[in-house]
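Contents: one structure, followed by commentary.
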Amino acid sequence: MARAAAGKAPREPVCEAEGPNGDVFINCPFDDDYLACFEALLFAITISGYRVRCALEESDGGDIRFSKLCRLIEDSDDTIHDLSRTEAGASGLPRFNMPFELGLAIGARQYGGERQRTKRACIMVALDYALPRYLSDLAGSDPSVHRTDPHEVIRIVLGHLHRTPSGRGLPGAAHMIELFERFRGDVPFLARQARLTVEEVHARLGYRNYMDLLRGFCEAMPGVASRFGN
């Protein structure tokens, strides 16, 4: 299978006059306990014809993280935020990175130009009723609850996106979940075809290789390739 160039350099920021670009910024945990949900996020976005944008897509050590986040959020018409890791960690301190990135996205929509004001945001949490306890400024918002179930993550993402970037309807969640499990089972074979080890296609540690395999898989699925403009 030919490997697609999912790891290519990001596009330049889109000007306000252009139409939707199909970029989706994801703000989520990158730890091992979240790995299956992370894979589900990547899959649901990609198979729907969108392009995932996240901090792992670049490895430029000179790129300041805050500047990178601002650029990725600015470029993306959609943002998905999973606030599942706000509890205190081994250090006794909570992680505030994810609420902070959500704040950047909301600020872009509130104070940005015409294009920025059209951004959509999907907020997810692991547990019911947890959000108001640590982010009361979002009182009245109803985040989607996934209970750390990757299949629920797929349902939530598909419900949020609803259509392809070109406006075509998406298949149901049951079909997408079936394809997700097929892809997960195929990863070792696809890695061998690409002459990569399983470790080199780890969704987090080998992110760009993993995205190459994922995009190739999606493009090979009947009825899916057209969503990529092929």
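I need every pair where a residue in segment 92-111 that is modelled with pLDDT of 85 or more has its Cβ under 7 Å from the Cβ of a residue that is assigned to a helix (DSSP H, G or I) and exposed (fewer than 13 other Cβ atoms within 10 Å of the Cβ), sequence separation at least 6 or different chains.
Qualifying pairs under 7 Å: Arg109/Arg117.
I'm trying to understand the selection: among the residues of segment 183-201, which are exposed (fewer than 13 other Cβ atoms within 10 Å of the Cβ) and either within 22 Å of Ser144 (Cβ to Cβ) or among the acidic types (Asp, Glu) (or both)?
Within segment 183-201, Glu199 is the sole residue that qualifies.
Select from segment 156-182 the residues that are closer than 20 Å to Asp33 by Cβ and in contact with a helix residue (DSSP H, G or I) (Cβ under 8 Å, 6 or more places away or on another chain) and write down the one among them that is surrounded by the most Cβ atoms within 10 Å (Cβ to Cβ).
Val157
Restricting to segment 146-185, what's the tally of residues that are modelled with pLDDT under 95 and basic (Lys, Arg)?
3
Could you tell me whether any residue of segment 193-202 is under 16 Å from the mean Cα position of the chain (by Cα), part of a helix (DSSP H, G or I), of a type outside the set (D, E, K, R) and within 17 Å of Phe38 (Cα to Cα)?
There is no residue in segment 193-202 that is under 16 Å from the mean Cα position of the chain (by Cα), part of a helix (DSSP H, G or I), of a type outside the set (D, E, K, R) and within 17 Å of Phe38 (Cα to Cα).
Quick check on Ala88: is it exposed (fewer than 12 other Cβ atoms within 10 Å of the Cβ), among the aliphatic types (A, V, I, L, M), modelled with pLDDT under 65 and more than 14 Å from Ile26 (Cα to Cα)?
So Ala88 fits the description; yes.
Tell me which of these Pro132 doesn't satisfy, since it passes every other one: (1) at pLDDT below 80; (2) not in a helix (DSSP H, G or I).
Failing condition for Pro132: (2).
I'd like to check something: does segment 208-221 contain any residue that is closer than 24 Å to Cys28 by Cα and part of a loop (DSSP other than H, G, I, E, B)?
no
I need every pair where a residue in segment 163-191 that is touching a residue at least 12 places away in the same chain (Cβ under 8 Å) has its Cβ under 6 Å from the Cβ of a residue that is surrounded by fewer than 18 Cβ atoms within 10 Å (Cβ to Cβ) and among the β-branched types (Val, Ile, Thr), sequence separation at least 6 or different chains.
Pairs that qualify, where the first residue is touching a residue at least 12 places away in the same chain (Cβ under 8 Å) and the partner is surrounded by fewer than 18 Cβ atoms within 10 Å (Cβ to Cβ) and among the β-branched types (Val, Ile, Thr), are Ala191/Val198.
Does any residue of segment 136-144 turn out to be modelled with pLDDT under 90, surrounded by fewer than 14 Cβ atoms within 10 Å (Cβ to Cβ), among the aliphatic types (A, V, I, L, M) and assigned to a helix (DSSP H, G or I)?
No, that holds for no residue.
The values are calculated or read from the model by the stated rules, or taken from the named source; none is laboratory data. Quantities reported herein were computed from a predicted structural model and do not represent experimental measurements. Counting neighbours? That spans all protein chains shown, and the Cβs are built from the backbone with ideal geometry, glycine included.
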